[in-house]
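Structure first, then comments.
We did not get these values from a lab; they are worked out from the coordinates using the rules stated. Keep in mind the model is a prediction, meaning the values are calculated, not measured. Glycine gets a Cβ as well: all are built from the backbone with ideal geometry, and neighbour counts include every protein chain shown.
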Amino acid sequence: MSFQIFLILALAATATFFVIVISIGLVVHKALHSKKTQRQQNLYTEYSQQVAEVILQDLPVLPEDSTASGVFDQYEILLAPLKDKLEKMSKGKRSLNRKAVKLALIDFAKDVAGETSDRLVYFCYSLGLVDDEIKLLESKNWWDRAQAAHDLGVLKARRAVTPLAKTLEDENPDVRIQAMQSLVILGGVHSLQTILVKSRNISQWTAIELSIIVMRFKEEAVPFLIDGLKSSDQSIVLFCIEMLAEIGFVSAVESLRTMARDYPNVVIRAKAVEALGRLGDQRAEGLLVELLANPFPNLRYKAIEAVGRIGLRSALSPLEERLRAGPLHEKILAARSIAAAGPEGISLLTSIKNAENDVLRGVAHQVLEEFHIDPSLA
Amino acid sequence: MMTIIEILLQAFFYGVIAYFIIVNLSYTILLMLSYREILYYMRHNSFSDYRITVQSELTPPISILAPAYNEEATVVESVRSLLKLNYGKYEVIVVNDGSKDATLDRLLQEYSLLPSNQVYEPALTTKHVRDIYKSNKPAYRNLVVVDKENGGKADALNAGINVAQYANVCAIDADSLLEDDALQKVMKPFLEDERVVASGGIVRIANGCEVVNGRVTKVALSNKFLPIFQVVEYFRAFLSGRMAWQGVNGLLIISGAFGMFKRDVVIEAGGYNHETVGEDMELVARIHRTKLEKKEPYRVVFVPDPVCWTEAPESVRILSRQRNRWHRGLLDTLLIHRKMLFNKNYGVIGLAAVPYFLFIELLGPVFEFVGYFSTIAMLALGILNINMTILFFIVALFYGVMFSVGAVLLEEISFQRYPKARDLAMLLSFGVLENFGYRQITLWWRMMAFYDYFVKGVRTWGTMQRKGFSRAA
């Protein structure tokens with residue numbers, strides 16, 4: 001056999017091998033996937049019924065002199081048949097069945113409260129599910145760690161607070177955010193302190209996720225957010241400023257004013273200026289007008305927007321200066337803030353719309369239109 | 001003693017084999033990389049709640065750019081679909097690129113648009129912008145229509161970028177349909193990593209699907225051959241090609257039908273190039289080049305889940321024009337950025353992505369054509385080893401099938417958009433069938449692209465007639 005034919009045959013063999021492997025992979029994947037899904041569904045249905053029975057079953061009232069552990073003894077009796085059943089299984093089968101039990105418990109945990117919830121939490125501890133999940137927080141697979149962090153919150157496993165707090169420093173952001181959410185379920189608003197202290201370099205996505213958590217508490221979160229302003233991590237400081245502005249609680253004005261004036265980082269100063277504008281407190285007005293002449297463009301732009309949000313008449317003169325001197329973007333911002341100052345501002349813009357400068361005239365026209373004032377009639 | 005012809009033939013044979021091995025090795029590596037990337041994406045995605053982008057004030061706003069040229073049949077419905085997307089704050093900027101039909105009139109009438117006094121700041125140079133329209137109806141307050149002189153798609157997109165008021169711009173085709181959560185998903189990489197400057201979503205073929213109120217409600221394969229062949233091609237291109245390249249930050253194409261960019265980065269790179277028909281690829285290549293030359297950290301990513309549905313050509317004539325245009329665009333981009341080829345200063349782009357696109361994607365048809373031609377010539381000369389040639393063609397067929405099946409497998413383990421087993425069987429069958437005729441026809445169209453580019457000097461888009469999406473009964 002010549003080398004050429006050998007080469008062709010080798011290539012043919014490789015291609016055939018891959019085609020067969022991929023095709024078989026496709027068919028096997030499809031078959032196994034549906035079989036596995038069906039099997040898990042069957043087990044889940046079976047254990048959901050069992051779990052429903054044990055968590056909804058009425059328990060005899062305990063005598064008044066019974067000890068605190070009396071109720072746990074009752075729970076243990078309810079759980080005994082399930083435990084026995086799992087004990088008798090082979091290791092592999094038990095693992096699969098425990099997974100189905102866990103899924104059933106997690107689903108119930110989302111919907112129950114009061115004594116039923118306590119009973120369910122006890123079952124999780126007693127079956128060793130909580131310890132299993134805590135161990136999974138150390139898994140080398142980030143998705144297992146994230147899932148465990150999520151499940152511990154749903155299962156209301158208070159034993160997991162310390163390991164979850166440690167997980168806030170996990171390298172994977174998905175794991176961190178799941179831990180944050182679970183800590184909030186377990187510790188309420190006070191968890192924010194730990195979260196803001198331990199979190200580092202949070203992405204904008206994580207900040208958005210965290211903002212949803214913070215907004216559940218609103219004013220209750222304010223002291224922790226003000227504390228968070230002292231963080232050495234820029235992303236946390238920015239997040240706290242944003243949240244303080246969003247919640248709109250004026251107790252943050254003094255801290256924000258100090259940051260807007262003195263903070264060494266301009267990005268954070270600009271964010272604080274923006275927040276002051278959103279809070280609209282009189283105490284910040286002087287500082288905001290002063291910052292309209294700041295040499296840092298971004299800081300100045302934020303100050304222009306901030307005075308516009310408040311609608312400051314006292315800022316008309318420096319705003320007009322920015323309108324005449326700044327680049328187009330700044331001109332538009334300044335014109336909007338002038339218009340927001342009320343009739344005096346509108347009158348100023350109306351006089352500018354007849355200016356000789358094309359750009360100035362265009363900006364005035366655009367902004368008057370944005371404020372629904374017909375430029376031809378103004 | 002071997003004659004010179006025999007020596008040449010043997011050299012040719014080994015050349016073909018070497019090229020064949022390189023091509024298929026590249027495809028295998030890409031397929032494996034894609035598999036890894038898709039698995040990561042699926043896991044990562046399972047922990048993401050995209051609804052937060054709608055709920056939170058922190059979600060950055062987006063400007064959607066939809067250039068429209070002679071789109072009177074579809075433009076009203078496309079814009080309505082864009083205005084109903086599920087995202088926080090966004091504006092829709094439709095750029096009427098000097099349409100000769102009633103595109104602008106349809107928009108003005110349907111959305112109660114009036115000329116606006118908005119100041120036009122040309123950060124990028126474009127053809128004359130005649131007017132900017134905004135609606136006086138509150139429901140359409142986030143709609144802006146720019147009417148400009150005809151300058152081509154790139155020019156229209158640049159005008160849209162000039163008008164855009166937000167820091168992130170999303171370029172789409174006016175005749176495409178985005179899924180409700182597509183913006184949330186394509187935006188996520190920017191929020192997770194501040195180095196991300198561009199992100200592309202997957203484009204799927206809507207022919208055969210049921211469309212209700214600008215939304216694909218039922219996914220199915222078309223009952224025509226051409227769109228099904230294209231579904232398999234799109235799987236290969238998106239799931240097994242772009243997914244792999246983005247994993248190593250070597251993605252050179254973000255489809256013009258659906259891509260998100262940081263506005264300042266596009267302006268910094270000079271905007272879309274008016275002089276090429278491959279303006280989408282050229283922009284991405286230029287962004288890579290600009291960032292690498294400035295040594296600034298950046299990432300260009302592909303997200304396989306945010307879906308943009310598009311109508312694929314159903315006629316051979318229109319498909320041939322599209323493929324010809326795509327190949328001319330590729331050729332043009334690689335010529336413009338030839339400096340990056342095998343240049344280590346451009347990292348993965350210079351040493352892997354550009355060579356791949358040059359030798360495999362661009363010149364692949366040439367090598368294949370030469371192969372067919374020389375086979376016929378050798379047959380005519382009576383010097384062809386017929387058995388070995390047949391064997392080689394069978395091998396080539398197997399490899400072709402392997403990569404098509406691999407791409408279908410990627411779809412099957414991930415998104416499973418085609419729920420019926422019948423559809424899966426059809427896709428696999430077409431993965432085999434495309435090697436008998438369809439592949440050779442597309443090869444010819446791509447070969448003609450060289451002729452059109454170098455000999456006829458064709459640099460225009462050509463026309464693509466849309467019939468509009470089919471509606472549910």
Legend entry - Given charges at beta-carbon only (K, R positive; D, E negative), |dipole| of region A:311-378 in Debye: 120
Inset, instruction - Could you work out the equivalent-ellipsoid semi-axes for region A:94-246, taking the square root of 5 times each eigenvalue of the Cα gyration tensor, largest first, in whole Å? - result: 29, 17, 11
Legend entry - Karplus-derived HN-Hα couplings along region A:240-247 (A = 6.51, B = -1.76, C = 1.60, θ = phi - 60°), whole Hz, x at Gly and Pro: 5, 4, 4, 5, 4, 5, 5, 5
Inset, instruction - Excluding residues on the same chain fewer than 8 positions from A:Lys83, give the aspartates and glutamates whose Cα lies under 19 Å from its Cα. - result: A:Glu46, A:Glu53, A:Asp73, A:Asp118, A:Asp131, A:Asp132, A:Glu133
Inset, instruction - Report, in degrees rounded to the nearest 10, the 0 to 90 angle that the Cα long axis of helix B:182-192 makes with the longest principal axis of chain B. - result: 90
Inset, instruction - Let me know the charge dipole size of chain B about its Cα centre in debye, to the nearest 20, where only the beta-carbon of Lys, Arg (+1) and Asp, Glu (-1) is charged. - result: 160
Legend entry - In region A:133-184, trypsin sites (Lys or Arg not before Pro) in a DSSP loop with at most 15 other beta-carbon atoms within 10 Å: A:Lys140
Legend entry - Which of B:Val432, B:Val146, B:Val92, positive extreme of dipole for the protein assembly as shown (C-beta unit charges): B:Val432
Inset, instruction - For chain A, set up a Gaussian network in which alpha carbons nearer than 10 Å are linked by springs, and say which option among A:Leu276, A:Leu129, A:Leu328 fluctuates the most. - result: A:Leu328
Inset, instruction - Using Cα centres only, tell me the gap between region A:208-240 and region B:170-203 in whole Å. - result: 28
Legend entry - Cα-based convex hull, the protein assembly as shown, per residue volume (Å³, whole number): 210
Inset, instruction - Would you work out the charge dipole size for the protein assembly as shown about its Cα centre, treating the Cβ of every Lys and Arg as +1 and the Cβ of every Asp and Glu as -1, and quote it to the nearest 20 debye? - result: 1720
Inset, instruction - Give the residue from A:Ile8, A:His329, A:Gln50 lying farthest towards the positive end of the charge dipole for chain A; charges sit on Cβ (+1 for Lys and Arg, -1 for Asp and Glu) and the dipole is referred to the Cα centre. - result: A:Ile8
Legend entry - Residues of type lysines that A:Lys198 reaches as a straight line, Cα spacing below 16 Å, ignoring anything fewer than 8 places off in the same chain: A:Lys166, A:Lys230
Inset, instruction - Show which aspartates and glutamates lie in cross-link reach of B:Lys262 when reach means a straight Cα distance below 13 angstrom and same-chain residues fewer than eight apart are skipped. - result: B:Asp193, B:Glu194
Legend entry - Built amide H within the under 5 Å cut-off of B:Val211, gap 5+: B:Thr217, B:Ala472
Inset, instruction - Can you tell me which of A:196-202, B:422-428 comes out highest on packing, and rank the rest after it, using the mean Cβ neighbours within 10 Å? - result: A:196-202, B:422-428
Inset, instruction - Quick one: net charge around B:Val219, please, counting Lys, Arg +1 and Asp, Glu -1 for every other residue with C-beta under 15 Å from its C-beta. - result: -2
Legend entry - Under 5 Å, built H, 5+ apart or other chain: amide partners of B:Arg299: B:Val196, B:Val197, B:Ala198
Inset, instruction - Give the angle, between 0 and 90 degrees and rounded to the nearest 10, that separates the Cα long axis of helix B:279-293 from the longest principal axis of the Cα atoms of chain B. - result: 90
Legend entry - Nearest 10 degrees, 0 to 90: helix B:4-45 Cα axis against chain B principal axis: 40
Legend entry - Options A:Ser199, A:Gly25, A:Ile212, ranked by Cα towards positive dipole end of chain A, top entry (Cβ charges): A:Gly25
Inset, instruction - Divide by every residue of the protein assembly as shown the summed helix terms, -39500 (n - 2.57) for each DSSP H run of at least 4, and state the resulting mean residue ellipticity at 222 nm, rounded to the nearest 500 deg cm²/dmol. - result: -19000 deg cm²/dmol
Inset, instruction - Counting other Cβ atoms within 10 Å, keep those with at most 11, restrict to DSSP loop, and tell me which trypsin sites (Lys or Arg not before Pro) in region A:258-320 are left. - result: none
Legend entry - Per-residue mean of C-beta atoms belonging to partner chains within 10 Å, peptide B:119-127: 3
Legend entry - Whole-angstrom gap from region A:343-364 to region B:233-304, using each part's C-alpha centre: 42
Inset, instruction - Return the ratio Rg/(2.2 N^0.38 Å) for region A:311-378, where Rg is computed over Cα atoms only. - result: 0.94
Legend entry - Averaged over A:196-205, number of beta-carbon atoms from partner chains that fall within 10 Å: 3
Inset, instruction - Based solely on C-alpha atoms, express the radius of gyration and the Dmax of chain B in angstrom. - result: 23.0, 87
Legend entry - Distant-in-sequence amide H partners of A:Ile202 (H built 1.01 Å from N, under 5 Å): A:Ser235, A:Ile236
Inset, instruction - Per residue of B:396-405, count partner chain C-beta atoms within 10 Å of its C-beta, then hand back the mean as an integer. - result: 5
Legend entry - Convex hull of Cα atoms in chain A, direction-averaged projection (nm²): 34.7
Inset, instruction - Filter the cross-link list A:Lys36/A:Lys156; B:Lys295/B:Lys344; A:Lys271/A:Lys353; A:Lys302/B:Lys153; A:Lys353/B:Lys127; A:Lys99/A:Lys135 down to pairs whose alpha-carbon distance in this structure exceeds 24 Å. - result: A:Lys36/A:Lys156; A:Lys271/A:Lys353; A:Lys302/B:Lys153; A:Lys353/B:Lys127
Legend entry - region A:311-378: relative contact order as a whole-number percent, Cα under 8 Å and 6+ apart: 27
